[in-house]
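For reference, the structure discussed in these notes is given below.
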Amino acid sequence: MKVALAIDALAPPLTGIGRYTWELAQRMYCSTQFDDVCFYANGISYKDPSSKLNEGKHSARLLPGRAISNWWGRKQARACMRSHLFHSPNYLLPKGVESGVITVHDLSVFRFAQSHPKARVEQFEQQFNSTLARSRHIITDSEAIRSEVASYFNWPIERITSVPLGVSPTFRQHDAAELLPALASLSLRAGHYALCISTLEPRKRIDRLIDAYAALPAPLRYQFPLVIAGASGWLSEGIMARIHALSPQGWIRYIGFVDEARLPALYAGARAFFFPSIYEGFGLPAIEAMASGVPTLTTGNSVMSEVCDDAAWLTNPDDHDALRNDIERVLTDDEWRARAVKKGFARAALYHWDTCFARTLDVYRSIQDNPTTPGYGSLALNTATHDIVQR
């Protein structure tokens, strides 16, 4: 089996698709299941995916086990695009790839185009139809998105495979001795704050979370102040302005993007974790919180209910009173909290990056066993794709 993996998403700091790409890439690099592996980014082949991640820039790399000089790298990359099964973990196939596999994490760029930068929406308008025409198989993070992709694009459901993501073992329960120094650097105390980790953008419903938290009894708010971590996203100005306006009251705090090394302790020290996003492909932060032993509240949509099942409290973030009441219960109902911790551990234990990689290999093998499977073709998709983006 010869495989080329696109690693354009490997740019520090790793978030979302970058994390998914890295988990696949490092296992592919160490695997003995392949005759040849090419790691590809912007026309360059890399010997080791970590060189792309660590350098943060493109440079020609040797392919594993091949005595090729650096100047041959670009030509070799073009050869890989033709001779290897190509997998893009980031939606789009490069123009030079005749056919391949793509991972579609969600359809937010189509369903919530207003939540994405104009340039990204335009990129999908220009390139996604061509990618679908050349795709032999689609991978999604959940069954809910699998069904959604099939419906949106009239794509054969048998040519879409759901491959759940994994949880790093670094997300686990911590004892007090571990948490004390780790949280001190953030001026936090274990068990004395509620946590939300999310990009700040409209579909994440951080504004609804803030409004509901503001309606809690004051003693509860001040006992467990809300800590929000994550990068500011598209159309985040209003959310940021509200956070800054409320921060002097002392019950809400924004700490920005938190580096990977400090995330496990930040999760593990929280009294509760809130993830009120109305649309996700998988919702990995909720699973990471549960793996850390933290009672979790998230949205009762199809994806989050599939991924979390009954291990999390499922709510409607667009119902202010329900969200406020549900937040209070997650913070104060000790009986439910104890059950949630146990169920959360069990649920999070179902998700492993090794399993994600193994199931991805199964997709590769299925394509290898059916080498004549064509791409879907673009004729029927042009209008559908354009209409979806314009909604």
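Taking the square roots of 5 times each eigenvalue of the Cα gyration tensor of region 245-375, largest first, gives ellipsoid semi-axes of 33, 17, 16 Å. Ligands, DNA and RNA excluded, the heavy atoms of F224 present near 10 Å² of accessible surface to a 1.4 Å solvent probe. For region 102-119, putting each phi into the Karplus relation 6.51 cos²θ - 1.76 cosθ + 1.60 with θ = phi - 60° gives couplings of 10, 9, 9, 6, 6, 10, 5, 5, 8, 7, 10, 4, 5, 8, 10, x, 4, 4 Hz, in residue order, rounded to whole numbers and with x for Gly and Pro.
Compute the convex hull volume of the Cα atoms of region 95-221, divide it by the residue count, and report the result per residue in Å³ as a whole number.
Values: hull volume 23.8 nm³, N = 127.
Spelled out: Cα convex hull of region 95-221, divided by residues, is 188 Å³.
When the charge dipole of region 154-266 is built from unit charges on Cβ atoms (+1 for Lys and Arg, -1 for Asp and Glu) and taken about the Cα centre, the candidate among L165, F224, S198 whose Cα reaches farthest toward its positive end is F224. Residues in region 294-310 carry Karplus couplings, in order, of 10, x, 10, 10, 8, 8, x, 8, 5, 5, 5, 5, 5, 6, 8, 6, 9 Hz; the curve used is 6.51 cos²θ - 1.76 cosθ + 1.60 with θ = phi - 60°, and Gly or Pro positions show x. Karplus-derived 3J(HN,Hα) values for region 2-19, using 6.51 cos²θ - 1.76 cosθ + 1.60 with θ = phi - 60°, are 10, 10, 10, 10, 6, 10, 4, 7, 7, 9, x, x, 6, 9, x, 5, x, 4 Hz; glycine and proline are entered as x.
Applying a 4.7 Å Cβ-Cβ cutoff to the chain, the cysteines left without a disulfide-compatible partner are C30, C196, C308, C356. Using alpha carbons only, the radius of gyration of region 272-346 set against its Kirkwood radius gives Rg/Rh = 0.93. Taking every Cα-Cα distance in region 149-229 and sorting them into 10 Å bins from zero, the calculated P(r) comes out as 13, 28, 29, 17, 12, 2 percent. Amide H contacts under 5 Å for W313: T296, L297, T298, restricted to partners 5 or more places along the chain or on a different chain, H placed in the peptide plane at 1.01 Å from N. Distances between placed amide hydrogens fall under 5 Å for C38 paired with V3, A4, L5, all partners being 5 or more residues away or on another chain. Centre-to-centre, using Cα atoms only, region 122-176 and region 304-367 are separated by 18 Å.
For region 90-148, the fraction of 1.4 Å probe accessible surface lying on carbon and sulfur atoms is 44 percent.
Only protein atoms count toward the accessible area here, which uses a 1.4 Å probe; on region 243-299, the carbon and sulfur part of that area reaches 54 percent.
Each of A4, P248, L266 was placed along the dipole of the chain (beta-carbon charges, centred on the mean Cα), and the one lying farthest toward the positive end is A4. When the scattering of region 237-285 is computed by the Debye formula from its Cα atoms alone, each counted once and equally, what is log10 I(q)/I(0) at q = 0.15, 0.27, 0.31 Å⁻¹? For region 237-285 at q = 0.15, 0.27, 0.31 Å⁻¹, log10 I(q)/I(0) is -0.59, -1.17, -1.13.
Taking amide H as placed 1.01 Å from N in the peptide plane, T103 has its amide H under 5 Å from the amide H of S88, N90, Y91, I139, each at least 5 places away in sequence or on another chain.
Would you kindly give the portion of the calculated P(r) for the chain that falls above 29 Å, as a percent of all Cα pairs? Summing the P(r) of the chain above 29 Å gives 46 percent of all pairs. Relative to the compact-globule estimate of 2.2 N^0.38 Å, the Cα radius of gyration of region 204-290 comes out at 1.09. Counting 0.36 nm for each residue step from A119 to D369 and taking away their Cα separation leaves a gain of 86.2 nm.
Pairs of Cα atoms under 8 Å, at least six residues apart: use those to get the relative contact order of the chain, whole percent.
Reported as a whole number, the value is 17 percent.
In region 149-301, the inverse of the mean reciprocal separation of distinct Cα atoms equals 16.6 Å; this is its Kirkwood hydrodynamic radius. The equivalent ellipsoid of region 80-169 has semi-axes of 19, 18, 14 Å, largest first, where each one is the square root of 5 times an eigenvalue of the Cα gyration tensor.
The values are calculated or read from the model by the stated rules, or taken from the named source; none is laboratory data. Bear in mind that the values here come from a model prediction, so they are computed numbers and not experimental data. Because the Cβ atoms are built from the backbone with ideal geometry, glycine has one as well, and the counts that use them run over all protein chains shown. We work out accessible area using only protein heavy atoms, side chains counted, and drop any ligands, DNA or RNA first. Shrake-Rupley method; radii C 1.70, N 1.55, O 1.52, S 1.80 Å.
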